[in-house]
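Enquirer: My questions all concern the structure below.
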Amino acid sequence: EKRIAVPSDPAALAALLRQQMVWKLIPGTTVGRALVSATDRLRGAKITTDSLDAQIMLASVLGVDRSWLFAHHDYELTEIQAATYSSLVVRRTQDEPIAYLIGKKEFYGLELAVDQRVLIPRPETELLVEVALSFIPENGPCRVADLGTGSGAVALAVAMERPGCEVHASEISPAALNIARSNGESLLPGRVSFHLGSWFEPLQGQFDLVVSNPPYIDGDDRHLDEGDVRHEPRSAL
């Protein structure tokens, strides 16, 4: 038997009841109504990007751009679309990251496939790419190593911007490396060599530049159990 502690504060009780309610759209719900209802549900779960998240998830389910949603408010969701969207919204109320829910994340102009096997690339990591590029001639040979590549974001961004570079990327997690290789094959076939192993261990020869965005959060940091981060791989954090 599962027991739930009932808070005495009315506001906290209302929030708890909202969390326990099963939220589900019915087939035939229009795009406009679905967005309003989903946004309200996300707001009730304290998701600060409620409206944007509702739009991103619905656009993903329908396979359209967000702009399409605003021009088709009367479009009615099919049974499968309504069920899929409902599931995503409920998962988002539990702080599951948007990138994992829709399976992709844009980074430096690249649309990377991501899931729970890899850390979600952060916009601020694009600064690492900018700094790395400042050390690499626009034309000419250069060997670059990306250590702990994760989704392959940094290695692929460097390879895209510097076609003359020979880029190698290492990753200790076989699961993460599978994602990186898949991204490489779909975005820049043959441009980055991916290697399984710890840091420099699987790499050979000398490199002109080494880039890395390694784990830097203490394993006992309480923030690892809060918000979106708790869904990401600990080893990458």
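The values are calculated or read from the model by the stated rules, or taken from the named source; none is laboratory data. Owing to the predicted nature of the structure, the values given are computational and were not obtained by experimental measurement. Methodologically, a virtual Cβ is constructed for each residue, glycine included, from the backbone with ideal geometry; neighbour enumeration extends over all protein chains shown. What goes into the accessible areas is simple: the full protein's heavy atoms, side chains included, and nothing from ligands, DNA or RNA. Shrake-Rupley method; radii C 1.70, N 1.55, O 1.52, S 1.80 Å.
Enquirer: Using the Cα atoms as the points, what is the convex hull volume per residue of the stretch 119-180 in Å³?
Expert: Hull volume over Cα atoms, normalised by residue count, gives 73 Å³.
Enquirer: Moving on to the next point. Hey, quick one: spin label on residue 72, modelled 7 Å out along Cα-Cβ, who in the stretch 94-123 has an amide N within reach, i.e. under 19 Å?
Expert: Taking a point 7 Å out along Cα→Cβ of residue 72, the residues of the stretch 94-123 whose backbone N falls under 19 Å are 102.
Enquirer: Where the eigenvalues come from the Cα gyration tensor of the chain, what are the semi-axes √(5λ) of the equivalent ellipsoid, largest first, in whole Å?
Expert: With the √(5λ) rule applied to the chain, the semi-axes are 39, 22, 14 Å.
Enquirer: So, with a 1.4 angstrom probe, what is the percent of accessible area on the stretch 122-237 that is carbon and sulfur?
Expert: The value for the stretch 122-237 is 51 percent carbon and sulfur by accessible area.
Enquirer: Moving on to the next point. Using C-alpha positions alone, give me the convex hull volume of the stretch 66-165 per residue in cubic angstrom.
Expert: Working: hull volume 13.7 nm³, N = 100.
Residue-normalised Cα hull volume stands at 137 Å³.
Enquirer: Follow-up question, since we're still on this one. Just to confirm my numbers, what's the Cα centroid distance between the stretch 163-237 and the stretch 100-147 in Å?
Expert: Going from one Cα centre to the other spans 10 Å.
Enquirer: So, R0 is 45 Å and r is the distance between the beta-carbons of residue 43 and residue 207; what FRET efficiency does that work out to, to 0.05?
Expert: My answer for the efficiency is 0.40.
Enquirer: Grab the Cα-Cα distance for residue 126 and residue 235, subtract it from 0.36 nm times how many residues apart they are, and report the gain in nm with one decimal.
Expert: Result: 37.2 nm gained on full extension.
Enquirer: How much accessible area per residue does the chain have, counting only protein heavy atoms and a probe of 1.4 Å, in square angstrom? Don't skip to the answer; put the middle values down first.
Expert: Numbers: 13220 Å² over 237 residues.
Normalised by residue count, the accessible surface of the chain is 56 Å².
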